[in-house]
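Below: one structure, written as structure tokens.
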Amino acid sequence: MLGRVNHIAIAVPDLAVASAGYRETLGATVSVPQSLPEHGVTVVFVELPNTKVELLEPLGEGSPIAAFLAKNPDGGMHHICYEVDDIFAAREKLVAAGARVLGNGEPKTGAHGKPVLFLHPKDFQGTLIELEQL
Ligand code: CO
């Protein structure tokens, strides 16, 4: 079911500071910020040779990463995103196996304009998993 790691996401309290750290200190290419109101976050992508790192800052009230940052005020690894060929087939298999899909269970459009789903971290070793259909 799983393809490549599409990105690893890190929640950060200050996107400008985090972007500058990756761009200037680590010498990486960092995208311009993109606001995703449907997901309650503003994101940038750090482009790496083999994958991407997504830096996430809360956007608006009730951001899904607000509670995470309250517990991890310096920021921290938030989720890992795996690519799948068919997000509906993946969902069907996961739900049949008892895994929980977050939200209303329907794919949302992610930062790359592709459908994404999130899986409950309690079902996968305490790690939030995002699935993205390419
Ligand atoms: Co993501």
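The values are calculated or read from the model by the stated rules, or taken from the named source; none is laboratory data. Source: prediction; values computed, not measured. Please note: Cβ atoms are built from the backbone with ideal geometry, for glycine as well, and neighbour counts cover all protein chains shown. Side chains are part of the model used for accessible areas, which takes the heavy atoms of the whole protein and leaves out ligands, DNA and RNA. Shrake-Rupley method; radii C 1.70, N 1.55, O 1.52, S 1.80 Å.
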Next on the checklist: If I filter segment 123-134 down to residues being open to solvent by 50 Å² or more (accessible area, probe 1.4 Å) and either over 12 Å from residue 79 (Cβ atoms) or among the polar types (S, T, N, Q) (or both), which single residue comes out as farthest from the ligand (Cβ to nearest atom)?
Outcome noted: 125
Checklist entry - Are any residues in segment 108-122 touching a strand residue (DSSP E or B) at 6+ places or on another chain (Cβ under 8 Å) and either open to solvent by 40 Å² or more (accessible area, probe 1.4 Å) or not in a strand (DSSP E or B) (or both), and if so, which ones? => result 108, 109, 110, 111, 112, 114, 115, 118, 120, 121
Checklist entry - Of the residues 25, 42, 29, 51, which is polar (S, T, N, Q) and over 23 Å from residue 114 (Cβ atoms)? => result 25
Next on the checklist: I'd like the full set of residues that are open to solvent by less than 50 Å² (accessible area, probe 1.4 Å) and among the aromatic types (Phe, Trp, Tyr), limited to segment 12-67.
Outcome noted: 45
Checklist outcome for this item: How many residues of segment 44-101 are charged (D, E, K, R) and without any contact (Cβ under 8 Å) to a residue 24 or more places away in the chain? The answer is 5
